Amino acid sequence: MASAIAKQTYNVFFRRSSAYLAGIFASAFAFEIAFDTVSDRVWDSINKGRQWKDIRDKYIQ
Amino acid sequence: MLSKVAYTTTARAFRASSTFRPVRFASTQAGPFGANRKAAMMWFTKAAAASAIVGYGISNYVLTDDRMAPVYKAVSEASTELKKKAKEFGIELEIPFTVAHAFSTADHGLHPPHYPWDHYSPWKSYDHASIRRGFQVYKEVCSACHSMDYIYYRNLVGVSHTEAEAKALAAEYEYEDGPDDSGQMFMRPGKLTDAMPKPYPNEEAARAANGGAYPPDLSCIVRARHGEEDYIFALLLGYCDPPAGVNIREGLHYNPYFPGGAIAMARSIFDEVVDYEDGTPNNASQLAKDVTTFLSWASYPEHDERKKMGLKTLAISAMLLGLSVWWKRFKWSYVKSKKIVYRPGKFDEV
């Protein structure tokens, strides 16, 4: 089973250089979005109530 | 110092390996300072004690200050003379050890205490509500004397004020603009692209109005002073009566945190000089804390972004470190699990 998945992965991503490259680009793109989302959320929760976005509701018309 | 036990062990070790040609350790050798290490230690201890006593005696009873004064004087005169001569040839001579620098907190300013600024923590942003209140303090108090040429109204947008608020704040002042079609300069209400209004048209006017002292531009003041936030905060609240014997000239004020102690700026932060819209208590230390936070933001506007970036960098680096450790072990696993076996071939007995 595991080897079937491995084989599938190999055939899709590693067999041809073009697919390999496309895979790298796509995963870099996905990773960056995921990483930024998570780290921004962590930052915002550490600094809850301190940043402008937390107090702007009080002043926006 | 080597203990006695250690000595005997070494000695025994010697005897055990007596089949080899005995080599003597340097420490057990008789030398100029005694028969063995212990004796040498004693010799040095005695020598140190004796030179301390002799040195003390000489400096206090033989080469007393009275007797040395003429020598010092001669040396200093000679070096002054030497410097003068050197200067005639265009050389700035600095003879080491001939100048004494005494440190005095009165001259250099009292070091401010370290305050627990909550934005000092590596993962904390500025408290933007505090920046907003600090701007209010700057606007209502400090801006009467201090400019902030490098802070524009647009800089406040998204930091402490909304765009509409910043526009309204800018429009409270008139700025000179132009020339118009007829070549005339004209006044118009401020825009987001205008800097904080200047209290004085130029430095000379500012000095004339402040008894000769120039109120520095506050745009980068936190960066520009040792002690940064701590110094500004301590300075704003540090005014007190001068100690006995210190005379403060008319128009100056005593502040121990200011180098020299006499500052031309009068105390300007008092309880309740500013009314906060958000209900924060407006006592003097709160006002000082808020205006210092605002000035700190003005000096380091990239602060929040920089810290967030730093944390992301650490997170990515940690992942890469993990990956590279794995990669190293992956590559080395071949070498590490290799077994080298020596199989002697056939050879003739000699």
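The values are calculated or read from the model by the stated rules, or taken from the named source; none is laboratory data. Given the structure is predicted, the values throughout are model-derived calculations rather than measurements. Cβ atoms come from the backbone with ideal geometry, glycine included; neighbour counts cover every protein chain shown. All accessible areas refer to the heavy atoms of the entire protein, side chains included, with ligands and DNA or RNA removed. Shrake-Rupley method; radii C 1.70, N 1.55, O 1.52, S 1.80 Å.
Below is a table of values for the structure above.
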| quantity | calculated |
| --- | --- |
| Inter-label distance, nm, simple model (7 Å from Cα along the C-beta direction), B:Ser59/B:Ser121 | 4.9 |
| Overall Cα dimensions of the stretch B:189-295, principal axis frame, Å, largest first | 51, 37, 25 |
| Those GluC sites (Glu not before Pro) in the stretch B:89-159 that DSSP places in a loop and that have at most 16 other beta carbons within 10 Å | B:Glu92, B:Glu94 |
| Linear extension gain, B:Asp241 paired with B:Arg67, 0.36 nm per residue minus alpha-carbon span | 58.3 nm |
| With Cα atoms, 0 to 90° folded angle of helix B:303-336 axis to chain B main axis | 30 |
| Exposed trypsin sites (Lys or Arg not before Pro) absent: longest stretch of chain B, with sites in DSSP loops and at most 11 other Cβ within 10 Å deemed exposed | B:25-248 |
| Diffusion constant of the stretch B:282-350 at 25 °C, which comes from Stokes-Einstein with the Kirkwood Cα-pair radius and 0.890 mPa s, µm²/s | 133 |
| Descending semi-axes in Å of the stretch B:264-316, equivalent ellipsoid built from Cα gyration tensor | 32, 14, 8 |
| Pairwise FRET efficiency - A:Ser45 versus A:Lys7, Cβ, R0 = 56 Å, nearest 0.05 | 0.85 |
| Chain B: most fluctuating residue of B:Ser79, B:Ser160, B:Ser219 per GNM, C-alpha cutoff 10 Å | B:Ser79 |
| Percent RCO, i.e. relative contact order, over chain B, from Cα pairs under 8 Å lying at least 6 residues apart | 17 |
| Angle between chain B longest axis and helix B:284-299 axis [Cα atoms, degrees, rounded to 10] | 80 |
| Distance between the stretch B:257-279 and the stretch B:307-342 - C-alpha centres, whole angstrom | 55 |
| 1.4 Å probe accessible area per residue over chain B, in Å² | 69 |
| Under the Debye formula (equal points on every Cα, no solvent term), log10 I(q)/I(0) of the stretch B:123-165 at q = 0.23, 0.25, 0.28, 0.34 Å⁻¹ | -0.88, -0.99, -1.11, -1.20 |
| The stretch B:72-159 - Kirkwood radius from inverse mean 1/r over Cα pairs (Å) | 19.2 |
| Fraction of beta bridges assigned by DSSP in chain B that are antiparallel (%, nearest 5) | 90 |
| ³J(HN,Hα), Karplus 6.51/-1.76/1.60, whole Hz, each residue of the stretch A:22-27, x for Gly, Pro | 4, x, 4, 4, 5, 6 |
| Angle between chain B longest axis and helix B:128-140 axis [Cα atoms, degrees, rounded to 10] | 50 |
| Descending semi-axes in Å of chain B, equivalent ellipsoid built from Cα gyration tensor | 65, 43, 22 |
| Euclidean distance between Cα centres, the stretch B:144-177 to the stretch B:99-143, Å | 23 |
| Radius ratio Rg over Rh of chain A, counting only Cα atoms, Kirkwood formula for Rh | 1.36 |
| Chain A: trypsin sites (Lys or Arg not before Pro) in DSSP loop, at most 13 other beta carbons within 10 Å | A:Arg15, A:Arg16, A:Lys48 |
| Net length gained if the chain between B:Lys338 and B:Asp107 were fully extended (0.36 nm per residue, minus Cα distance) | 76.1 nm |
| Relative contact order for the stretch B:218-305, counting Cα pairs under 8 Å that sit 6 or more residues apart, in percent | 34 |
| Buried area at the B-A interface (accessible, heavy atoms, 1.4 Å probe, summed, Å²) | 1800 |
| Approximate spin-label separation B:Lys84-B:Arg207, in nm, with each point projected 7 Å along Cα-to-Cβ | 3.4 |
| Label-point separation, B:Ser76 to B:Ile95 (7 Å along Cα→Cβ), nm | 1.2 |
| Angstrom value of the Kirkwood radius, inverse mean 1/r, which spans all Cα pairs in the protein assembly as shown | 31.0 |
